[in-house]
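*Asks:* This is the structure I want to talk about, given as structure tokens.
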Amino acid sequence: METFFAQLANGASTGALYGLLALALVFIFRATDVVNFAQGEMAMFSTYLGWSISRPLSLSWIPFLGVDRHLNLLTWRPEVFGLPLYLGSENDGLTRLGYLVVLVVTVAIAFVMGALIERLLIRPSEGKNLLNAVIVTLGIFAFLNSLANFRYGPVPQTYPAPFRGDAVDFGLFKMSQHSLFALVVAAVLMIAVYVFFQRTKLGLGVRAAALNPSASQLMGINTGRMLTLGWALAAAIGCVAGMLIAPALSGISPNLMFGILLYGFAAAVLGGLDSALGAVVGGIAVGVGQSMVVQYVGSQWSDIIAFGLIIAILMVRPTGLFGAPAVKKV
Amino acid sequence: MHQTAHYRDGVERFVPSPSEAVLLAALVLFCWKLYGGTENDAVAGLSSVVVVVVAWVVGVSLRAALNDMRWWLLLGFLVALIVPWLGANTFQVGVMSQVCVFALLIFGLNVVTGYTGQISLGHGALVGISAYIIAILSSNYGWNVFAAMTVGISVTTAFGFVLGIPALRLAGPYLAIATLAAALIFPPLLKLDTFEDYTGGIQGLHETRLSPPGPIESFLKEHAPSDAYQNDFQRRKFAEESYLYYISLAAGVVGLVTLWNLGRSRFGRAFVAVRDSEVAATSMGINVPLYKVTAFGISALYAGFAGAAFFLVIAFVAPESFDLVNLSINPLAYLVIGGLATTGGPVVGAFGYMWVPRVINKIATVSGDFDKLQGAMTGLLLIVVMTRLPQGVWGGVRRVNALSWQRLAGDSWAWAFQRSPLFWAGLALAAVVVVLIAQFIGTVWAVFALALLIVAPHDVWSGAGDVLRRLNPGWKRNASIQADVT
Amino acid sequence: MAPMLEVRSVRAAYGPVVALREISIRVPERSIVTLLGANGAGKSTTLRVISGLMRPAAGAVIFDGLPIGGRPADWVVRQRIAHVPEGRQIFATLTVEENLRLGAYTRDDRAGIQDDMTRVFAYFPRLKERRRQVAGTLSGGEQQMLAMGRALMTRPRLLLLDEPSLGLAPLIVKDIFRIIQAVNEEDGVTILLVEQDARVALSVASYGYVLETGRVAVHATAAELKANETVRRSYLGY
Ligand SMILES: Nc1ncnc2c1ncn2[C@@H]1O[C@H](COP(=O)(O)OP(=O)(O)OP(=O)(O)O)[C@@H](O)[C@H]1O
Ligand SMILES: [Mg+2]
């Protein structure tokens, strides 16, 4: 029983990360109807960028500062009147404030990267055969993967995490602080995405632009900008996912995300490609299912059962568990 | 879709059209590459010229007979017949055999995705099933290869119908991912302990390759190009490789002819109707579910043949051979690049599928810089083709094919002058940036920037030009504001 | 006095298909002007050029002294020109209320939006009953009402209406035209109306243009058009 709950907790937190990636996929699907094969690599690449800026940054290019000045964001310890503002720290000197700064900066970079990708690469194939845009995402996939291999090499790099203390004991099972953190972030983001689509004007605009571009323009919506926004936000969410996945696994490496993307697909489809709630629930279901199979059936069965189940569920519910039923177009 | 009659009369008949010129240039390049390995450039150049001239003479006569683009394929076929003699070594002949193998797979994908509009990412598994069944029957049970093939292909076709069942309930991306799941289940199934006795587990199964029957072997050995294949061992390799090549070529040609006929048949038209609108197809009396499943079945038949040919040519199967990206995603990508729902597109696609990575690898090893960036170059190529040739290479060629040299010149002229000055200003700025990158950062990055320059929508450049304009208040905006459309 | 909207020698084409050869139209402020003509004459295309859904190949569109031809549609809406397109084009999977809120997308004045929403519901009480219903499940007439309500939510100065009576029962057509008149008279909205039913259109409009294969064939006041036997026979068909 002990192991059962341990596996449950374990699976749920990995699953939450799948769910985050699925959430990013859902975002792009709702905005542009495209299944984004590059989502994992976009996340991987921006995660690497986060890794870069969490290294001590050389400041030697700033004049008059001296040659050997470095800025290490992760160990930033501002204090006001002796009161620590850095929200606690880990024993290797990493501060939570430092981590937060790295996170925010990286997510901002990812946001811009997503916007640029849509504007420069996806836009020209829009409005044509949907497969074209999908192939372009495959191209982006290959491009980013190879660029990361070139720039950072194939060896995994350890990745900073804000909470690495002792596991939290819940009686029935224990859960690492990082897993708990990942679960909370996934939940918060899911709610944020839901609120964005359902409750804000901008979210309504994104939905409308996907539904009927020309009518949306007549409402004064700049449809192009909505698509760019959709990609940018998806890239940002994917980046958060990557930054949480890397420390949970063996660190960051160029090929880290493809396997996870496949589970992300599974999660997104399971929940329904157009449902934010579905993405995260689907992710957790896939994660829990996977860890149960590994525990009780054998690890070589995990993919077989996971993807077999996806097919089975789709046969019963063709648009996933939470997806809106398909509308047939004449 | 048929091209209407060509515009050619008199002398024009002997002048290549713009598209034909592109083809000839490609042919020259290809011949040159094939001969690249030999020392004597003069011989290489001369033989390229001979090949091209012969091709051209044959082409002109064929064009007189056939008014559409089929003659290009026929021309390609004639060149394909002498491929073993064009190749510099057996490796290249082997790659050409694989072009034929994967052409079969891509033909199948064309039926299901091109004509019927159902995205399948599961075809890698179908090829795998066929190849594995043949391998197991022939190596574990000592079956005759051709008997094993019959069984393998039949079973694969049956599986294809099964794979088509999700298509009855699922649409678009959901179907894509359901079939993707099927492709993902296949390799781990092969690795299961339970089946290891049959499948060989991770090691896979080896089989000796088919060797040509005596007379054929001695004929091929006798006629092997003497400069490339000098000793008896090399000549035997040549005979073996060429024999397999001709078998795969035969399979490929049969596949192509049937594909072409299928496209024009009642079936083909029904498939297209299903793709364009299921509701309309139903109201025309087309049994949509039946045709969907049939499309999967037919395409699985092609995939089954591809698997059989795969086994013949490579004679080795392992779970890793059937990985998702290589056998399910890339063939689909190259199909779209070649041109969906066309006859020639899949051929172009199969060619690209085998050769693009190799050519890029060659460039990479020559220029050092690009070595670790091969994937990036391939990715960029996908992006550039998809954005600039939305109908694929074949579609693009077909469009150009309808042009005469005058029209081409006129159109480019018009294109250039429909752009606003802002566009040109922005483009010039971007070009300067590319040159600066090449100068100060590195050629690789300049190539990437150049690709971006080609891909990015034109209004981006107008936007950049607009920024320039704002920085220079002296410039006047055009009287009628013309944002550019891609 | 310069008209509110002036379309000056506009030419437009869909790829190789030339839809407008030369169209010139003037719409005075606070008037109702109608565009008539056979199927394929280019009426919808003219509206599309004005609202920015299509770029004119030549000519100019001037709104209140401002050249708007060739500017993107979402910019044109901000100049307070609303277009109710042919076939309604409502957002089928969104609710009635969401559709109306999208109409007010360009606006930030909460109070004003609320006022307009009340006004739209006053014009179309049916929409109020169905405000939470998914728009795709509305009847054809209700969808037309929604399309008009949505356009009114942009608080337009100029309203472009493309065949508001298409496929509707005679009683509902009457209703719709009553509302069109009310919008024009009470709210002071200028209206450019495209209509198949020339009789009804000329009864509300003050001026009419008859298009034929991309050109203006005849234009005159509504009264003159109605009075002219030949025009009625050869162009208006009644
Ligand atoms: N999307 C399109 N692509 C190509 N041609 C088009 C397109 N839309 C309209 N046309 C052509 O442009 C011409 C004008 O069409 P338009 O829709 O403006 O006519 P209309 O006067 O509104 O007709 P109707 O009364 O039937 O609505 C027609 O010849 C039509 O065939
Ligand atoms: Mg019309």
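*Asks:* Anything in the range A:18-50 that is among the polar types (S, T, N, Q) and within 13 Å of the chain's Cα centre (by Cα)? List them, or say none.
*Replies:* So the first thing to find is which residues in the range A:18-50 are among the polar types (S, T, N, Q), and the list is A:32, A:36, A:39, A:46-47.
Matches in the range A:18-50: A:ASN36, A:GLN39, A:SER46, A:THR47.
*Asks:* Right, here's the next one. With the requirement that a residue be more than 16 Å from ligand 2 (Cβ to nearest atom) and either in contact with a Phe, Trp or Tyr (Cβ under 7 Å, 6 or more places away or on another chain) or more than 20 Å from C:LEU193 (Cβ to Cβ) (or both), what does the range C:19-32 give you?
*Replies:* Answer for the range C:19-32, where residues must be more than 16 Å from ligand 2 (Cβ to nearest atom) and either in contact with a Phe, Trp or Tyr (Cβ under 7 Å, 6 or more places away or on another chain) or more than 20 Å from C:LEU193 (Cβ to Cβ) (or both): C:ARG21, C:GLU22, C:SER31.
*Asks:* What are the pairs, 6+ residues apart or on separate chains, where a residue within the range A:207-220 that is more than 7 Å from chain C (Cβ to nearest Cβ) has its Cβ under 7 Å from a residue that is among the hydrophobic types (A, V, I, L, M, F, W, C) and open to solvent by 10 Å² or more (accessible area, probe 1.4 Å)?
*Replies:* Pairs that qualify, where the first residue is more than 7 Å from chain C (Cβ to nearest Cβ) and the partner is among the hydrophobic types (A, V, I, L, M, F, W, C) and open to solvent by 10 Å² or more (accessible area, probe 1.4 Å), are A:ALA209/A:MET226; A:ALA209/A:LEU227.
*Asks:* Answer yes or no as to whether A:ARG123 is within 21 Å of A:ALA236 (Cα to Cα) and among the basic types (Lys, Arg).
*Replies:* Here the answer is yes, as A:ARG123 does meet what is asked.
*Asks:* While we're here: Looking at the range B:51-63 only, could you name the residues that are at pLDDT below 75 and of a type in the set (A, V, I, L, M, F, W, C)?
*Replies:* Hits for the range B:51-63 are B:ALA55, B:VAL58, B:VAL60, B:LEU62.
*Asks:* Something else now. As an exercise: evaluate C:ASP162 against (1) within 16 Å of ligand 2 (Cβ to nearest atom); (2) farther than 12 Å from C:ILE32 by Cβ; (3) away from chain A (no Cβ under 14 Å); (4) not polar (S, T, N, Q) and give the number of the one condition it does not meet.
*Replies:* Only one criterion in (1) within 16 Å of ligand 2 (Cβ to nearest atom); (2) farther than 12 Å from C:ILE32 by Cβ; (3) away from chain A (no Cβ under 14 Å); (4) not polar (S, T, N, Q) is unmet by C:ASP162, namely (3).
*Asks:* Something else about it: Kindly list, by first and then second residue, each pair from a residue in the range B:387-407 that is in a helix (DSSP H, G or I) to a residue that is open to solvent by 40 Å² or more (accessible area, probe 1.4 Å) and not aromatic (Phe, Trp, Tyr), limited to pairs with Cβ atoms under 6 Å and residues at least 6 apart or on different chains.
*Replies:* Final answer for the pair search is B:VAL393/B:VAL348; B:TRP394/B:VAL348; B:GLY396/B:LEU389.
Rundown of residues vs (1) within 16 Å of ligand 2 (Cβ to nearest atom); (2) farther than 14 Å from A:SER216 by Cα; (3) out of contact with any helix residue (DSSP H, G or I) (no Cβ under 6 Å at 6 or more places or on another chain), yes/no style:
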residue	(1), (2), (3)
C:ARG11	no, yes, yes
C:ALA38	yes, yes, yes
C:LEU47	yes, yes, yes
C:MET54	yes, yes, no
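*Asks:* Restricting the search to the range B:146-172, which residues are farther than 26 Å from B:ILE247 by Cβ and surrounded by fewer than 21 Cβ atoms within 10 Å (Cβ to Cβ)?
*Replies:* B:PHE161, B:VAL162, B:ILE165, B:LEU168, B:ARG169, B:ALA171, B:GLY172
*Asks:* Going through the range C:1-27 one residue at a time, which ones are exposed (fewer than 15 other Cβ atoms within 10 Å of the Cβ) and not in a strand (DSSP E or B)?
*Replies:* C:MET1, C:ALA2, C:GLY15, C:PRO16
*Asks:* Looking only at the range C:189-199, how many residues end up being modelled with pLDDT of 90 or more and assigned to a helix (DSSP H, G or I)?
*Replies:* 0
*Asks:* On to the next question. Helices (runs of 4 or more DSSP H) wholly in the range B:64-152 with at least 3 residues that are of a type in the set (Gly, Ala, Ser), in the same structural domain as B:LEU262 (by TED's automatic domain parsing) and at pLDDT 90 or above - which ones?
*Replies:* Once the helices (runs of 4 or more DSSP H) in the range B:64-152 are filtered for at least 3 residues that are of a type in the set (Gly, Ala, Ser), in the same structural domain as B:LEU262 (by TED's automatic domain parsing) and at pLDDT 90 or above, what remains is B:90-109, B:123-135.
*Asks:* Tell me which residues, restricted to the range C:67-91, are more than 14 Å from C:LEU160 (Cβ to Cβ), crowded, with 17+ Cβ neighbours inside 10 Å and either touching a helix residue (DSSP H, G or I) at 6+ places or on another chain (Cβ under 8 Å) or within 7 Å of chain A (Cβ to nearest Cβ) (or both).
*Replies:* Passing the criteria: C:GLY69, C:ASP74, C:ILE90, C:PHE91.
*Asks:* Still on this structure: Could you please find all residues in the range B:387-414 being among the acidic types (Asp, Glu) and surrounded by 14 or more Cβ atoms within 10 Å (Cβ to Cβ)?
*Replies:* Within the range B:387-414, no residue meets the criteria.
*Asks:* What is the one condition in (1) of a type outside the set (Asp, Glu); (2) buried (at least 24 other Cβ atoms within 10 Å of the Cβ); (3) modelled with pLDDT of 90 or more that B:ALA333 does not satisfy?
*Replies:* (3)
*Asks:* Please work out if C:LEU47 is outside any loop (DSSP other than H, G, I, E, B), buried (at least 18 other Cβ atoms within 10 Å of the Cβ), within 16 Å of ligand 1 (Cβ to nearest atom) and more than 14 Å from chain A (Cβ to nearest Cβ). Give the derivation first.
*Replies:* On the way: outside any loop (DSSP other than H, G, I, E, B): yes; buried (at least 18 other Cβ atoms within 10 Å of the Cβ): yes; within 16 Å of ligand 1 (Cβ to nearest atom): yes; more than 14 Å from chain A (Cβ to nearest Cβ): no.
The answer is no for C:LEU47.
*Asks:* Do you know which of the residues in the range C:164-180 that are in contact (Cβ under 8 Å) with a residue 40 or more places away in the chain and open to solvent by less than 20 Å² (accessible area, probe 1.4 Å) is nearest to the chain's Cα centre (by Cα)?
*Replies:* The first filter runs over the range C:164-180 and keeps only residues in contact (Cβ under 8 Å) with a residue 40 or more places away in the chain, leaving C:164, C:166, C:179-180.
Filter again for open to solvent by less than 20 Å² (accessible area, probe 1.4 Å), leaving C:164, C:179-180.
Values: C:PRO164: 8, C:ILE179: 13, C:ILE180: 10 Å.
Selected residue: C:PRO164.
*Asks:* B:THR342 is checked against (1) touching a helix residue (DSSP H, G or I) at 6+ places or on another chain (Cβ under 6 Å); (2) closer than 23 Å to B:VAL455 by Cα and fails just one. What number does that condition carry?
*Replies:* Among (1) touching a helix residue (DSSP H, G or I) at 6+ places or on another chain (Cβ under 6 Å); (2) closer than 23 Å to B:VAL455 by Cα, B:THR342 violates only (2).
*Asks:* Out of the residues in the range B:166-192 that are more than 8 Å from chain A (Cβ to nearest Cβ) and touching a Leu at 6+ places or on another chain (Cβ under 6 Å), state the one that is modelled with the lowest pLDDT. It would help to see each step written out before you state the result.
*Replies:* Of the residues in the range B:166-192, the ones more than 8 Å from chain A (Cβ to nearest Cβ) are B:167-168, B:175, B:179, B:183, B:186-187, B:190.
Narrowing the set further to residues that are touching a Leu at 6+ places or on another chain (Cβ under 6 Å) leaves B:167, B:179, B:183.
On the way: B:ALA167: 86, B:THR179: 90, B:ALA183: 89.
Going through the qualifying residues, I end up with B:ALA167.
*Asks:* Kindly indicate which of C:VAL7, C:VAL17 is more than 27 Å from C:ALA223 (Cα to Cα), within 16 Å of ligand 1 (Cβ to nearest atom) and away from every other protein chain (no Cβ under 13 Å).
*Replies:* Numbers: C:VAL7 fails: more than 27 Å from C:ALA223 (Cα to Cα).
From the options C:VAL7, C:VAL17, the qualifying one is C:VAL17.
*Asks:* A follow-up question, please. Of all residues in the range A:1-17, which are among the aliphatic types (A, V, I, L, M) and either within 12 Å of chain B (Cβ to nearest Cβ) or more than 17 Å from the chain's Cα centre (by Cα) (or both)?
*Replies:* Selection gives A:MET1, A:ALA6, A:LEU8, A:ALA9.
*Asks:* For the range C:209-226, indicate whether the set of residues that are assigned to a loop (DSSP other than H, G, I, E, B), away from ligand 1 (no atom under 16 Å from the Cβ) and at pLDDT 90 or above is non-empty.
*Replies:* no
*Asks:* On the given criteria, is B:ALA376 in contact with a helix residue (DSSP H, G or I) (Cβ under 9 Å, 6 or more places away or on another chain) and at pLDDT 80 or above?
*Replies:* Judged against the criteria, B:ALA376 is a match.
*Asks:* Please state which of the following conditions A:ALA235 fails to meet, knowing it meets all the rest: (1) within 14 Å of chain B (Cβ to nearest Cβ); (2) surrounded by 22 or more Cβ atoms within 10 Å (Cβ to Cβ).
*Replies:* The number of the failed condition is (1).
*Asks:* I would also like to ask the following. On the given criteria, is C:ALA201 within 16 Å of ligand 1 (Cβ to nearest atom) and surrounded by 22 or more Cβ atoms within 10 Å (Cβ to Cβ)?
*Replies:* Working: within 16 Å of ligand 1 (Cβ to nearest atom): yes; surrounded by 22 or more Cβ atoms within 10 Å (Cβ to Cβ): yes.
Yes.
*Asks:* State whether one or more residues within the range C:138-145 are within 16 Å of ligand 2 (Cβ to nearest atom) and under 16 Å from C:MET117 (Cα atoms).
*Replies:* Start the filter on the range C:138-145 by keeping residues that are within 16 Å of ligand 2 (Cβ to nearest atom), which leaves C:144.
Pick out the ones that are also under 16 Å from C:MET117 (Cα atoms) and you get none.
No - not one qualifying residue is present in the range C:138-145.
The values are calculated or read from the model by the stated rules, or taken from the named source; none is laboratory data. Predicted model only: the values in this text are computed from it and were never measured. Every residue, glycine among them, receives a Cβ derived from its backbone with ideal geometry; neighbour counts consider all protein chains shown. These area figures cover heavy atoms from the full protein model, side chains too; ligands, DNA and RNA do not enter into them. Shrake-Rupley method; radii C 1.70, N 1.55, O 1.52, S 1.80 Å.
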